[in-house]
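Scroll down for the structure; my scribbles are underneath it.
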Amino acid sequence: MEDIIAQAQEDLVRRAMPPLVLATAEMADLVENYPEHMKRLGLDGDALAQLLSGESDVFTAACGDQLSGLHGPKGKPCPARPWVCLLCPLALFAPRHLPNLLRLRAFFSRQWQQMTTAEFMPVFGPYAHRLDEILTPDRYFSEHTLRAASVEVTDSDAELPLRPEEHTV
């Protein structure tokens, strides 16, 4: 019982942490506060280089350690759904992830239209809130950058790695 309580508390703390988003200004911050970010993400220099280069990309972000076991067994690839990365402390969001983040926003919009508020909020609410935070114009990314990325989004489930039961109607 104590383990379950500890895991729930860790989840609450993790959800409260601000997202690690690297737009132009944040790249300078990363270089300036390199040791602090390394400690926060639990990474070494090689892992950070993989994050920044795109080698560690998953659907919505770059993952600091896909084998860490945060959402599945340690040592195995993370089985989490694409939206779970939005609240994961190992996720790093960069401009190259914008089209997929916008695809996810469109998916949430479609889910919102077919679900009641009582159904949507416990399943997608925290993730939709974080996504809105990341995609707020001029918070991390300029409105121009967001508009340019939106050209790549067709607003269909085919753009997302979904399980059959997750598709919208």
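Each value in this text was obtained by applying a stated rule to the coordinates, not by laboratory testing. Since the structure is predicted, the reported quantities are computational estimates derived from the model, not experimental observations. Glycine also receives a Cβ, built like all others from the backbone with ideal geometry; neighbour counts cover every protein chain displayed.
Each of the GluC sites (Glu not before Pro) that DSSP puts in a loop and that has at most 15 other Cβ atoms within 10 Å breaks the chain; the longest unbroken stretch is 56-151.
Using only the Cα atoms of the stretch 2-166, build the gyration tensor, take square roots of its eigenvalues as a ≥ b ≥ c, and label the shape rounded, prolate or oblate: rounded if a/c is under 1.5, else prolate if a/b is larger than b/c, else oblate.
On the way: a/c = 1.62, a/b = 1.12, b/c = 1.44.
Taking the square roots of the gyration eigenvalues as a ≥ b ≥ c, the stretch 2-166 is oblate.
Per-residue 3J(HN,Hα) values for the stretch 152-163, derived from phi via the Karplus relation 6.51 cos²θ - 1.76 cosθ + 1.60 with θ = phi - 60°, read 7, 9, 9, 6, 9, 5, 4, 7, 10, x, 9, 7 Hz in sequence order (x marks Gly and Pro).
Residues whose amide H falls under 5 Å from that of Asp57, counting only those 5 or more places apart or on a different chain, are Cys63, with hydrogens built in the peptide plane. Residues whose amide H lies under 5 Å from that of Ala80, counting only those 5 or more places away or on a different chain, are absent; hydrogens are built 1.01 Å from N in the peptide plane. How high is the relative contact order of the stretch 69-167, in percent, counting Cα pairs under 8 Å that sit 6 or more residues apart? With pairs under 8 Å counted, the relative contact order is 31 percent.
Roughly speaking, what is the stretch gain from Gln113 to Arg139, that is 0.36 nm per residue apart minus the C-alpha to C-alpha distance, in nm to one decimal?
Working: separation 26, 0.36 × 26 = 9.36 nm, distance 2.67 nm.
Between Gln113 and Arg139, full extension yields an extra 6.7 nm.
When each of the peptides 120-128, 108-116 is scored by how many other beta carbons lie within 10 Å of its residues on average, the order from highest to lowest is 120-128, 108-116.
Adding -39500 (n - 2.57) for every DSSP H run of four residues or longer, then dividing by how many residues the chain holds, sets the calculated 222 nm ellipticity at -15500 deg cm²/dmol. The amide H of Ala91, built 1.01 Å from its N in the peptide plane, has Gly64 as neighbours under 5 Å, considering only residues 5 or more places off or on other chains.
Structural descriptor for the chain: relative contact order 22 percent, calculated from alpha carbon pairs under 8 angstrom and at least 6 residues apart.
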